[in-house]
Every structure is written in structure tokens, then in C-alpha cells.
Amino acid sequence: MDWMESRGAKLTPGHQALRLGLVSKVHGIQAAEEYFWSLPDKSKKTYSSLLNCYGEHRMASKGLELYEKMKVMDIVPNTLLYNNLMTLYQKAGQPEKIPSTFEEMRESGISANNFTYLILIESYVTMNDLEAAENVLEELQKVAPVHWSLYTMMANNYIKQELFGKAEVALKKAEEVMDKAELLSWHFLISLYARSGNSTELKRIWESLKSTFKKCSNKNYLVMLEALSMIDDFESLQQIFQEWESSNEHYDMRITNVMIKAYLDKGMIHEAEAIRQSTMSQGHCNGRTVYMFAEFYLDKSDVTAALEILRDAKKMLTAHKWVPSEKLTSRFLKHYEESKDVDGVESFCECLRKLDCLDAEAYEGMMRTYIAAGRTNPSIAQRIKDDGIHVGPETTKLLEHVSGN
């Protein structure tokens, strides 16, 4: 939109409101405020957009201050504005103010839409008043079509309360009203049936999904496999994974990772490693694959196997550079220090060097291991210098100790 304005084009209030939201997301709320106040003619849409921005940034006081200014200026609220105001209350942790705002909206003769009811029901749920939420939904059913997301929201909260019978009823209603061509609704049903531990309905929905669409997408398989993993239906997980393997047109390592994790969780290391070797040779592995195996072996105190995974990282991730997270690196270094394993930490740091991520923290971990083992190594100072690593106060202290000074 910058290029439109730079060429003298005048943005409509709708475009200005859209731009305001984008500025807030990309550059922050301060930039959004500056853009808003720079507008010579501010519309109801731009006011409403800024109100929504305050909600996104959880700035309740500023949002309410803006709303009071709008009332003083006789800016007549509409459905969007009230929705943004109620969203602001919800995100600011003030759900108790939403029902009264909803009543004010109705008394003003402003029509509520499905999103309004979604926020209202969510406010009651947040306040643990499921009965009030049910009453709102019942009222809505009498006067207007109910969007499937309202039923899944109720089901989600019934599951939290372990009211699984009510959850199933709500999910059946969602299924009745949803647009069967909308994949997101199917995914919600699958995930929620899994969370409620309802294997029978989960599998029925899966079969219905497959019969509805000519081709089952990778996303469908991913959602279903994650659901089966959640309820620990290992046999079905294997079966559907094999079905995907034989029919997929575009390989998706996220799906394979679900199967790998299931094997690792079952202690079936041979099967998990077989998949790793196969996908590594085909260039399919991703960062998640590396972490799963490395963390699994570390959890089993098999640091040698975990280090081997890191050594394979470049072969597993050929498309881009990968470096271990600070948390993973710390786990290795902590083990070597506690076990006083100087040879091990040297091997680990050499691995980091090959991954182009040997840094001051790694060297500090190495030196702490030498100190724990009661050993010195004067050459470390030169190695740090050769690697061009900045030496801070902590590193300097350790260097003096490990150099025998």
C-alpha cells in the first residue's frame, strides 16, 4: 500500500484500516498509532482497527481510552467495533465485562454475528460458567444458523471438564452444520475426538473425510496420525502411515516424524533408525528429526548415540545449515562436565566445529569439563584465538584455570 500512496492514490477507509493492522503486526503498536494519528480523516473503520490492534497487543487501558474518545465523538458503534471491544476485554483478561457489553450492543439495536456469539460464549467458558455458555448457544440456535466453531469450542471445554458425553453431542452438532468442503472443520473434529479418547468416532470421522475428498492431503494424514498418537492406537498409526507412504505425491517429513516418535516412545529403536537411515539417504529429514533422536538418546543416557546423530546432521539436513539449540548443546556439555569426560567433550566440540557453530559457550563447557576432571590444557587459549572467538570475563577466568596459571 506504500507504493499506492507514494503515487498519490487516496486509500479508502477500508484500505487504511487494513494497513493499520498490517503496520501493527509488522512494526508494532507505536508505529500503528503514529500511522493512525497521521490520517487527516479518521473513519469508524480505522478507529475499530486501532481498537483491534490494542487487543492484539493486550493493551486494555489504551483500548478502553480510545473507545471512550469514540463515544465522546459520537462515533456510532457497529458490529465490528463491538466485536473488537469484546475481543479486547477477552485478551486483556477481563471476560467478566463481555456479557454487559453484549447487552449494551443488543439494547443499541446492533445485530450480533457468529463471531460475537463466539466471543460471548468464550467469555463464559473462561469464567467457568458452562451453564451460561450453554444458554447462549441454545438461544442462538432458535434464531440463526450456528457456526460449527461454536460447537467445537463447547466440546473443547467439555473435554477439559471430562464431560465426554456432552463433548460427543457437541461434536455431532458441529458435524451436522459444518461445510463438508472445509478441511479445518474435519481437523477440529479429529483432534477433539482424540482428546476425548473417543477412538470409535475418531475412526468414523476419518473414513467420512476420506470418502468426501477424492484425494487425501498430507495435512489430513498429519492430523490423523497425531490424533492416533494421542490415543496411543499404535496399530492404526502404523496402518495409516503405511497407507500414506504408498500413496503420497509429495513427501512430508512431519508425517514421518510422528511415526518415528511413536517407535521411539515404544522403545522400538531399530524401526525408528531404519526410517531415519532411509529418509536421510533420500534427503527428507528435517530439524525435528535430528532433535527427536538426539534428545531420545540423551534421555536414555546414551550420549555416544546422541553425538552420532549430531555427526549425521549435515547428511540429514542437506538443504540448509542446521545448528543445535542452546538447550541441546547445554545438555551435552552438562553431561560431559558431570562425568568428567574430557575426550567426550573434545569430540562434541569438534562436531560443533564441523557444524560451524563452535562458540564461546562451548569452549567454556569444555574448560569446565577439564577443570572437573582435574586436568589442564594450555593449547585451548590458542585454539580460541585461532577460531576468532571473543573472550569475555568468564572465559578469561576459565582459561587461566585450565592453562594451569
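Computed from the coordinates by the stated procedures, all read-outs in this text should not be read as laboratory data. Because the structure is predicted, anything quoted here is derived from the model rather than measured. Every residue, glycine as well, gets a Cβ built from its backbone with ideal geometry; the counts of neighbours run over all protein chains shown.
Just a few scattered comments:
- Size descriptor, Kirkwood hydrodynamic radius, that averages inverse alpha-carbon separations across the range 92-190, Å: 14.0 Å
- Local charge for Leu202 was computed over the other residues whose Cβ lies under 12 Å away, with Lys and Arg +1 and Asp and Glu -1, and equals -2.
- Integer Hz, Karplus 6.51/-1.76/1.60 couplings in order for the range 60-75, x for Gly and Pro: 4, 4, 5, x, 5, 4, 5, 4, 5, 5, 5, 5, 4, 7, 6, 7
- Residue among Ile121, Ile371, Ile190 with the largest mean-square fluctuation in a Gaussian network model of the chain, springs linking Cα atoms under 10 Å: Ile371
- Spin-label zone in the range 206-226 - amide nitrogen under 17 Å from a point set 7 Å from the Cα of Glu271 along the C-beta vector: 225-226
- Averaging over all projection directions, the Cα-based convex hull of the range 42-137 occupies 5.7 nm² in the image plane.
- When the Gaussian network model of the chain links Cα atoms closer than 10 Å, the mean-square fluctuations of Gln282, Gln90, Gln382 top out at Gln382.
- Residue order, fewest to most beta carbons within 10 Å, for Ser246, Ser196, Ser281: Ser246, Ser281, Ser196
- In plain terms, the C-alpha convex hull of the range 254-357 casts an average shadow of 6.2 nm² when viewed from every direction.
- Across the range 336-405, Cα pairs under 8 Å and at least six residues apart give a relative contact order of 36 percent.
- Within the range 208-291, the GluC sites (Glu not before Pro) that combine a DSSP coil assignment with at most 10 other C-beta atoms in a 10 angstrom radius are Glu249.
- Integer Hz, Karplus 6.51/-1.76/1.60 couplings in order for the range 389-401, x for Gly and Pro: 8, 5, 9, x, x, 5, 4, 4, 4, 5, 4, 4, 5
- With Cα atoms defining each centre, the range 21-86 and the range 328-346 are spaced 53 Å apart in the structure.
- Euclidean distance between Cα centres, the range 303-322 to the range 269-284, Å: 12 Å
- In the chain, inverting the average of 1/r over every pair of distinct C-alpha atoms gives 26.3 Å as the Kirkwood radius.
- A simple rule links phi to the HN-Hα coupling: the Karplus curve 6.51 cos²θ - 1.76 cosθ + 1.60 with θ = phi - 60°, which for the range 288-296 gives 4, 4, 4, 4, 4, 5, 4, 5, 4 Hz, with x for Gly and Pro.
- Low-density loop positions, trypsin sites (Lys or Arg not before Pro), the range 289-357 - DSSP coil, at most 16 other Cβ in 10 Å: Lys300, Lys321, Lys340
- Rel. contact order, % - alpha carbon contacts under 8 angstrom, at least six apart, the chain: 6 percent
- Projected label distance in nm at Lys62 and Asp387, using a 7 Å step from Cα toward the beta-carbon: 4.3 nm
- Fewest-first ordering of Arg383, Arg58 by other beta carbons within 10 Å of each residue's beta carbon gives Arg58, Arg383.
- Stokes-Einstein translational diffusion, the range 336-405 - Kirkwood Rh over all Cα pairs, 0.692 mPa s, 37 °C, in µm²/s: 276 µm²/s
- Ser199 versus Thr318: modelled label distance in nm, points set 7 Å from Cα along the beta carbon direction: 4.0 nm
- Evaluated at q = 0.14, 0.17 Å⁻¹: base-10 log I(q)/I(0), Debye formula over Cα of the range 119-261: -0.68, -0.93
- Cβ-based exposure ranking for Val303, Val169, in which fewest neighbours within 10 Å come first: Val169, Val303
- Dipole magnitude for the chain: computed about the Cα centre from +1 point charges on Lys and Arg Cβ and -1 point charges on Asp and Glu Cβ, it is near 880 debye.
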